[in-house]
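The values are calculated or read from the model by the stated rules, or taken from the named source; none is laboratory data. Keep in mind the model is a prediction, meaning the values are calculated, not measured. Positions of Cβ are backbone-derived with ideal geometry, glycine not excepted, and every protein chain shown enters the neighbour counts.
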Amino acid sequence: MSLSDFLDSLQKLQRDAQEVFATVTSQESLEAARVRFLGAKNGALKEIQKQLGRIAAEDKPQAGQRLNEIKRSLADAFQQAATLLEEPSVADGKAVAAPTLPGTPLKLGHIHPVTQTIEHLKEIMGRMGFATAEGPEVEDPWHNFVALNIPEDHPARDPLDNFYLATAKGSVGEEGSQLLRSQTSTVQIRVMEVRRPPIRIVSLGRVYRPDDPDATHFPMFHQMEGLLIDRQVTMAHLKTVLRVFATNYLGKDVSIRFRPSFFPFTEPSVEVDFWWNDQWIEFGGAGMVDPAVLTAVGYDPEQVSGFAFGLGVERLCMRRHNITDIRDLYSGDMRFLSQF
Ligand code: FA5
């Protein structure tokens, strides 16, 4: 067989095959085309390949090269036809059933209401000059209790009221043990340990307590801690900052009251309540930083004074958005969460 006859038959095969592969409409016709052109036994390509032995020796390289090219191009045509069959085509009906209907909307994620609240609170406090500070969620008893003037026998240190870590080195409650922080007041200590006054920070983060969940309690919640240390800071400064904060976050008509209370790390101490749904609801604690705390971090209580506060972030968020059950915030129910 001459080289030109060989090349002609290859050319014709390629034309035929491409035409057939381009018009297959089902798996069956695709398979039939594959067997016809690429079949290993009697496929058209195989038949032509058999002729290769009859080509003159000097023409064989060229003939072989062309044969391989056609083989690749037929394999490609087959692959393309197979892919097209898998894709839904307009001819399938569904895709063209109602081309003017709106498509399926993309579900976009958005920021959780508690995170939105945290950003909002940071922004309000930032406008009053409070920078943001951070502290670890896994704490040691020094920062969670001792430096905050909470003695060894204080009920707040009870293992039943805290999440101590089983991996901790020391015995539960003692130096060397570790726990999930139960309040963000730990950050007061961490900031004062490394900085000199004046200090004006807020710290927003998670805290953990083994409280039974109910409408206003959750075992994991967030607090906003505030700390201001300077010369001659008074209770009037504390009350003003909290009032300005409350009116900024909740509106001018918010009623806020300060109730005498006790915290080991502040003296005097107050509980901060907001009026909500015909009753006073506690939002946090506050007070003048106890001189014992200032001394524990190496400050001179004769030279500086300050105030601190710790507010429940979820309760603030709930008050603003009129959410009546804290558990809704952590239910993961998109029907609820997507409203914010
Ligand atoms: C404290 O945690 C003090 N560290 C606050 C403080 C800071 C006082 C600085 C003085 C100076 P208390 O345990 O009351 O205080 O908690 C503060 C607020 O956290 C509460 O008023 C409430 O709003 C919120 N809170 C407390 N427990 C929970 C809970 N289980 N779920 C949701 N919010 C809670």
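On inspection, ASP230 passes the criterion of being of a type in the set (Asp, Glu), in contact (Cβ under 8 Å) with a residue 60 or more places away in the chain and in the same structural domain as THR117 (by TED's automatic domain parsing). What's the total number of residues in the stretch 243-266 that are without any contact (Cβ under 8 Å) to a residue 12 or more places away in the chain and either at positive phi or within 14 Å of the ligand (Cβ to nearest atom) (or both)? Looking only at that region, the number is 3.
Restricted to the stretch 1-24, and to residues there that are without any contact (Cβ under 8 Å) to a residue 24 or more places away in the chain and under 21 Å from THR83 (Cβ atoms), the residue that is surrounded by the most Cβ atoms within 10 Å (Cβ to Cβ) is VAL20. Among the numbered conditions (1) within 13 Å of the ligand (Cβ to nearest atom); (2) in contact with a strand residue (DSSP E or B) (Cβ under 8 Å, 6 or more places away or on another chain), the only one that ASP211 does not meet is (2). Only one of the numbered conditions (1) surrounded by fewer than 20 Cβ atoms within 10 Å (Cβ to Cβ); (2) within 33 Å of the chain's Cα centre (by Cα) is not met by LEU227, and that is (1). Residues that are near the ligand (Cβ under 7 Å from one of its atoms) and either over 18 Å from ALA236 (Cα atoms) or not assigned by TED's automatic domain parsing to the domain that holds ARG196 (or both) within the stretch 267-310 comprise GLU282, PHE283, listed in sequence order. Report whether or not SER182 is among the small types (Gly, Ala, Ser) and more than 10 Å from the ligand (Cβ to nearest atom). Judged against the criteria, SER182 is not a match. Looking only at the stretch 299-313, which residues are out of contact with any Phe, Trp or Tyr (no Cβ under 8 Å at 6 or more places or on another chain) and either among the hydroxyl-bearing types (Ser, Thr, Tyr) or in contact (Cβ under 8 Å) with a residue 60 or more places away in the chain (or both)? Hits for the stretch 299-313 are TYR299, GLN303, VAL304, SER305, GLY306, PHE307, PHE309, GLY310.
Residue check: ALA147 meets all listed conditions (1) over 28 Å from the mean Cα position of the chain (by Cα); (2) modelled with pLDDT of 90 or more; (3) exposed (fewer than 13 other Cβ atoms within 10 Å of the Cβ) but one, namely (3).
The single condition among (1) closer than 23 Å to LEU294 by Cα; (2) in contact with a helix residue (DSSP H, G or I) (Cβ under 6 Å, 6 or more places away or on another chain); (3) more than 10 Å from the ligand (Cβ to nearest atom); (4) not aromatic (Phe, Trp, Tyr) that MET224 does not satisfy is (3).
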